[in-house]
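Undergrad: Just passing along the structure, written as structure tokens.
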Amino acid sequence: MLNVSRRALDLETLADGGEVDLLVIGGGVTGVGVALDAASRGLSVVLAEAHDLAFGTSRWSSKLVHGGLRYLASGDLRVARESAVERHLLMTRIAPHLIRPLPQLLPFVDGVSFRQRTVGSIGFLLGDGLRRFARTPGDVLPRPHRASVGESIGMFPALSRRGLRGGMVASDGQLIDDARLVTAIARTAAAHGAKILTRTRVTDIDGDGATLEDVLGGGSLRVRARAVVNAAGVWAAELDPDIRLRPSRGTHIVLDAAALGHPTAALTAPHPGSVSRFVFALPTQLGRVIVGLTDVDAPDPIPDVPSPTDDEIDFLLTTLSRVLERPLTRNDVRGAFAGLRPLVASGTGDSTADISRRHRVEVSSNGAVGILGGKLTTYRAMAKDAVDLACRQAGIDDPGCRTDRLPLVGAPGSPVPIADPGAFRRSSATLRARYGAEAAAVLAAGGSGGAGRVAEGIDVIRAEVAFAVRGEGALDSDDVLDRRTRIGLVPADRNAAAEVVGQVVAETLAEWG
């Protein structure tokens with residue numbers, strides 16, 4: 001469990017001045033993945049994050065666990081195969097409670113050319129080859145099939161009827177939420193002994209450690225470490241002058257699911273004239289559909305929270321509207337968000353969309369191990385490579401990686417099993433989708449009034465807020481609204497829930513602080 005009390009105890013323990021095996025910088029999916037990998041090998045681990053878990057790029061994804069089809073199309077077989085294998089592990093062993101199969105519909109309508117239909121259908125079949133390569137069962141990810149007109153409209157009611165001849169359907173993995181995955185990984189690392197320190201800024205990095213500054217006003221201390229891993233994502237170059245990145249911005253917009261007829265499948269809309277790039281409309285939790293995404297250069301300076309541009313929002317609306325019965329307008333947009341991909345600079349003038357998504361780990365001149373590039377889906381493989389290199393560099397005895405068979409908290413067989421099976425079965429489907437085996441424990445955390453919603457029309461209850469503070473490391477209302485629950489993706493929802501969330505956070509911090 002991560003909370004303010006454990007944070008204070010971990011900082012107090014570090015102040016004693018002992019050496020740790022590994023210091024990890026960054027609390028995104030890669031950083032927490034490194035912390036879990038190292039801690040599960042039996043190493044002593046400290047993770048320092050300047051803000052909150054999933055504060056940066058990791059919360060701004062499309063919330064998909066990709067099987068590698070896009071990389072197959074670009075000829076990058078290594079990334080395609082790695083993505084398919086990691087998706088298999090996530091959906092069958094590591095976090096099956098947080099991921100569901102999501103049908104993806106390529107519609108055969110007037111806005112999609114014959115060439116786009118043909119190449120897209122072939123791509124879906126090749127993607128199924130990746131599923132078979134990874135040995136993912138068909139009952140976990142259904143095989144592609146041709147959809148009739150009726151089935152297509154049933155899956156996505158807002159679909160255009162102009163020239164509609166059905167479509168092609170394939171499935172990929174969809175996370176209930178990307179930030180929730182990060183939190184689950186961090187808590188699993190903590191269950192294996194890692195010290196997970198948010199609001200802790202790192203300075204003066206070298207191969208022997210770094211200085212940690214408590215952003216909450218607790219001073220600073222020097223942590224000695226046998227190895228240091230820089231997993232700060234798009235901010236990695238600020239900590240290491242040897243690193244060369246070319247950040248790319250990916251923007252999404254948020255729509256009401258009701259405005260699209262409450263779709264049950266994702267809609268795939270090809271970019272005009274392209275057979276390899278698409279805009280996706282993805283039904284997600286809290287009655288929303290997210291539409292994305294773009295891929296444009298995002299030169300320095302790196303903001304804490306990137307902002308979508310008007311051109312990107314208009315591009316997403318226009319491209320998706322080509323396959324809808326009713327064109328979308330700005331009035332349909334309830335929210336928008338953007339994230340920065342930490343792409344490795346290629347030294348060419350290629351578009352950021354053409355830069356490889358392969359990750360790279362290397363030892364910098366300051367002695368730290370840097371981990372760059374990669375994708376959310378392949379975080380575990382990235383972490384493994386980083387810890388392997390750190391152990392070799394520092395001469396640490398290494399029993400080997402075991403995260404390919406290690407369930408996260410909430411998953412079947414996890415370090416935190418179901419304590420009360422009866423209470424678990426009585427918990428709501430929503431809670432089980434977000435917390436897995438911990439659903440009953442979350443409900444219990446809220447006490448007698450915990451089942452009440454934080455605001456009318458928002459499917460988040462007060463108990464989830466209390467549990468975020470008690471067990472998931474949330475230290476203020478922003479952590480809850482913007483990362484533990486994702487209410488903040490829609491500004492109007494954020495405003496509606498802010499007062500109740502703030503009240504529950506304050507009460508819980510007073511109890512646990």
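Undergrad: So which residues in region 443-454 are in contact with a Lys or Arg (Cβ under 8 Å, 6 or more places away or on another chain) and not basic (Lys, Arg)?
TA: Ala445, Gly446, Gly449, Gly450, Ala451, Gly452, Val454
Undergrad: Now for a different question. Sort through Leu340, Leu320 and tell me the only one that's at pLDDT 90 or above, of a type outside the set (Gly, Ala, Ser) and assigned to a strand (DSSP E or B).
TA: Selected residue: Leu340, the only one of Leu340, Leu320 that is at pLDDT 90 or above, of a type outside the set (Gly, Ala, Ser) and assigned to a strand (DSSP E or B).
Undergrad: Let me ask something additional. Has region 43-50 got any residue that is in a loop (DSSP other than H, G, I, E, B) and small (Gly, Ala, Ser)?
TA: yes
Undergrad: If you go through region 15-39, how many residues are modelled with pLDDT under 95 and either closer than 17 Å to Leu181 by Cα or touching a Leu at 6+ places or on another chain (Cβ under 9 Å) (or both)?
TA: Residues meeting the conditions: 2.
Undergrad: For region 203-214, indicate whether the set of residues that are surrounded by 21 or more Cβ atoms within 10 Å (Cβ to Cβ) and of a type in the set (Gly, Ala, Ser) is non-empty.
TA: yes
Undergrad: I've got another one for you. State yes or no: is Ala95 under 30 Å from Gly471 (Cα atoms) and either surrounded by fewer than 24 Cβ atoms within 10 Å (Cβ to Cβ) or modelled with pLDDT of 95 or more (or both)?
TA: It is true that Ala95 is under 30 Å from Gly471 (Cα atoms) and either surrounded by fewer than 24 Cβ atoms within 10 Å (Cβ to Cβ) or modelled with pLDDT of 95 or more (or both).
Undergrad: Return yes when Leu64 is in the same structural domain as Ala191 (by TED's automatic domain parsing) and either touching a residue at least 40 places away in the same chain (Cβ under 8 Å) or farther than 30 Å from Pro157 by Cα (or both) and no when it is not.
TA: no
Undergrad: Mind checking which residues of region 217-239 are part of a loop (DSSP other than H, G, I, E, B), surrounded by fewer than 17 Cβ atoms within 10 Å (Cβ to Cβ) and in contact (Cβ under 8 Å) with a residue 24 or more places away in the chain?
TA: Across region 217-239, the qualifying residue is only Gly218.
Undergrad: Tally time: how many residues in region 135-152 are surrounded by 21 or more Cβ atoms within 10 Å (Cβ to Cβ) and either at pLDDT below 95 or in a helix (DSSP H, G or I) (or both)?
TA: Looking only at that region, the number is 1.
Undergrad: Go through Ser307, Ser276 for me and flag whichever is part of a loop (DSSP other than H, G, I, E, B), among the small types (Gly, Ala, Ser), without any contact (Cβ under 8 Å) to a residue 40 or more places away in the chain and closer than 25 Å to Ala345 by Cα.
TA: Result of the check over Ser307, Ser276: Ser307.
Undergrad: Among the candidates Gly75, Gly120, Gly129, Gly138, single out the residue that is touching a residue at least 60 places away in the same chain (Cβ under 8 Å) and not aliphatic (A, V, I, L, M).
TA: Being touching a residue at least 60 places away in the same chain (Cβ under 8 Å) and not aliphatic (A, V, I, L, M) holds for just one of Gly75, Gly120, Gly129, Gly138, which is Gly120.
The values are calculated or read from the model by the stated rules, or taken from the named source; none is laboratory data. Bear in mind the structure is a predicted one, so any value in this text is a computation, not a measurement. Note that we place each Cβ from the backbone using ideal geometry, even for glycine, and neighbour counts take in every protein chain shown.
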